[in-house]
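Participant: Pasting a structure here, questions to come.
Every number here is computed from the coordinates shown, using simple stated rules; none is lab data. Everything numeric in this text was worked out from a predicted model, so none of it was measured. Methodologically, a virtual Cβ is constructed for each residue, glycine included, from the backbone with ideal geometry; neighbour enumeration extends over all protein chains shown.
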Amino acid sequence: MRFRSLRLALAVLLAGAAIGASAAGAEAVRQSIAARIEDQLKAAGADAATAAPAEASPQAAATPPAAGPTPIERGKVLWVRKFKDGRTLASCYPNGGRRVAASYPLYDSRLKRVVTLEMSINQCLKVHREALLEPTDPQTMGALTAYLRSLSDGRKVAVRVPAAAESHFEQGRRLYFTRFGQRNFACASCHVQNAGRIYADQALSAAVGQATRWPFIRANQAFTLQAQIRDCLDRMGAAPFGAGSDEMNDLEYFLTYLSLGLPLKPNTDRGQTTVKN
């Protein structure tokens with residue numbers, strides 16, 4: 001029987017003892033988890049490269065190329081498409097979107113919530129009275145984030161957790177370590193405790209570094225990080241949080257901060273390259 005409610009599970013957690021590290025600050029948590037993963041990889045005889053996401057593995061790279069434009073190419077078309085008022089998505093970002101993706105997700109002190117890259121794209125569309133995009137649609141939002149992140153290729157993750165955002169980071173951490181669903185797994189079960197170990201002929205990816213490689217490109221489709229997390233929750237036998245929900249945004253915030261200082265890497269399962277402007 002499926003776990004009745006992830007929200008109920010979260011409420012129970014908040015009322016009881018926290019799992020894992022205490023709220024000692026985001027940086028202390030990041031360093032603790034990074035050290036734990038490093039020890040786990042050594043124990044598994046793996047390293048960070050071996051424990052890269054399966055989507056970026058040599059097996060995935062050997063997949064025959066799909067026909068048609070790449071997600072990055074499709075994203076560029078959407079990026080430069082003119083709105084009814086003559087503006088474009090690029091007009092909403094500094095430098096036309098160059099070098100901005102590495103700072104997302106970010107905490108908005110006015111909204112008092114975490115804002116993802118997808119949310120910022122939809123906010124731009126809303127301001128210009130354009131139709132909003134489904135946050136996890138691979139053809140539109142996935143392609144757009146693939147292109148926008150390609151404009152920050154090689155930039156180091158620069159997500160910040162100010163004091164006002166510590167509760168959001170902590171909620172993301174709690175959710176990441178919470179066991180859900182029929183299989184009684186947590187995200188951390190695979191990507192912290194068992195990082196680098198082989199499962200179904202592939203190494204389980206480490207939590208540190210995962211956020212540098214999204215969107216995940218498979219079969220010429222670009223899947224956002226939240227789409228990937230929702231898919232994992234579904235496979236765990238749990239009802240996934242909605243894309244763009246506070247819970248999902250906090251999970252992404254936590255997971256991205258674990259990769260602080262690591263360079264963004266394109267997911268090139270078919271040899272795609274960054275589109276040059």
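Participant: Can you give me the C-alpha center-to-center distance between segment 68-105 and segment 206-269, rounded to a whole angstrom?
Facilitator: So the separation of the two Cα centres works out to 20 Å.
Participant: Which pairs break 23 Å Cα to Cα here: 42/156; 82/126; 84/112; 84/126?
Facilitator: Values: 42/156 25 Å; 82/126 14 Å; 84/112 31 Å; 84/126 12 Å.
Too far apart for the 23 Å limit: 42/156; 84/112.
Participant: Would you mind computing, in nm to one decimal, how far apart the modelled labels at residue 95 and residue 110 are, each placed 7 Å from Cα along Cα→Cβ?
Facilitator: Taking the simple label geometry, residue 95 and residue 110 are separated by 2.3 nm.
Participant: Now a separate question. Each residue of segment 26-36 in order: what ³J(HN,Hα) in whole Hz does its phi give by Karplus 6.51 cos²θ - 1.76 cosθ + 1.60, θ = phi - 60°, with x for Gly and Pro?
Facilitator: In residue order, the calculated couplings are 4, 5, 5, 5, 4, 5, 5, 5, 4, 5, 5 Hz.
Participant: For segment 71-150, give the magnitude of the charge dipole about the Cα centre (Cβ charges: +1 Lys/Arg, -1 Asp/Glu; no others), in debye to the nearest 20. Walk me through the numbers on the way to the answer.
Facilitator: Numbers: 14 positive and 7 negative charges, 58 e Å.
The dipole of segment 71-150 has a size of about 280 debye.
Participant: Next question. In whole Hz, what ³J(HN,Hα) sequence does segment 250-257 give by Karplus (6.51, -1.76, 1.60; θ = phi - 60°), x for Gly and Pro?
Facilitator: Those phi angles translate into 5, 4, 5, 4, 4, 5, 5, 5 Hz.
Participant: Name the residue farthest towards the positive end of the dipole of segment 71-150 from the options 106, 136, 96, assuming +1 on Cβ of Lys and Arg, -1 on Cβ of Asp and Glu, about the Cα centre.
Facilitator: Result: 96, furthest along the dipole toward the positive end.
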